[in-house]
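Enquirer: The structure under discussion is supplied below as structure tokens; questions concerning it will follow.
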Amino acid sequence: MLRRLLLTAAVSATAALSAVPTAIAGTPSAVPEASPLPEASPVPMAFPVPTAFPAGPSSLSPAAYGVALPALMPPPARPDDSVDRLTVTVHGAGGGADGTFELACHPAGGSHPDAAEACDRLDRKTTWGKDPFAPVPPDILCTMQYGGPATAHVTGTWAGRPVDARYDRSDGCEISRWNAMVPLLPGSRS
């Protein structure tokens, strides 16, 4: 919850600061005129000093500098939407780890056997701009090893975004991706 509050505050601050250049752009008097250098100045100016910025909103807009501002995420429509909820379905893991489990975070709860640790792990993996449930990129080379027949399907909502991720242990990359999600997914039974 604290993570969400911080992200919301950061996005709000960015949006507020992006409005400042647009407000200043129409007022050339907001930028003081540059004073001429004294005649005896030993350091010549290698570039012209503008007396005022050009007027117009496009001259100081973030797009003029190639900066894309993040889209503001609307607040949840209902209180239920603010809770991170996942459904984890595991097959072929053995040792009583197979089944379908519900996980709710912030606060931790549900039928998941290790809800608090699973929520903590997901919180640690969640960073701005990265999908903690992203699949292995298609152009990456993976070791040819087999980690067993276990598969998992994770669906629901995390950090306000829909989740529909599939996991298996078919090669080194998929094994690593699975292990990065333990204890959300069951650990290996070696």
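Where a number appears in this text, it was derived from the coordinates with a stated rule and is not lab data. Computed from a prediction, not measured in an experiment: that's the story for all the values here. Cβ: placed from backbone, ideal geometry, glycine included. Neighbour counts: every protein chain shown.
Enquirer: Which whole-Hz couplings ³J(HN,Hα) result when phi for each residue of segment 88-102 is put into the Karplus expression 6.51 cos²θ - 1.76 cosθ + 1.60, θ = phi - 60°, listed in order with x for Gly and Pro?
Expert: 10, 10, 10, 10, x, 7, x, x, x, 8, 6, x, 10, 10, 9
Enquirer: Additional query: When you count, for each residue, the other Cβ atoms within 10 Å and take the mean per peptide, how do 154-166, 108-120, 133-145 rank with the highest first?
Expert: In decreasing order of mean packing, 154-166, 108-120, 133-145 become 108-120, 154-166, 133-145.
Enquirer: What is the distance, in nm, between label points placed 7 Å from the Cα along the Cα-to-Cβ direction at ALA116 and at ASP98?
Expert: If labels sit at ALA116 and ASP98, their model points lie 3.0 nm apart.
Enquirer: Can you compute the FRET efficiency between GLN145 and HIS106 using 1/(1 + (r/R0)^6), with r the Cβ-Cβ distance and R0 = 45 Å? Round to the nearest 0.05.
Expert: Given R0 = 45 Å and the Cβ-Cβ separation, E is 0.80.
Enquirer: Check VAL163: other-chain or 5+ apart residues with amide H under 5 Å from its amide H, H built from backbone geometry?
Expert: Distant-sequence amide H within range of VAL163: GLY156, THR157, TRP158.
Enquirer: Evaluate the distance, in nm, between pseudo-label points positioned 7 Å from the Cα of THR157 and of SER176 along their respective Cα→Cβ axes.
Expert: 3.3
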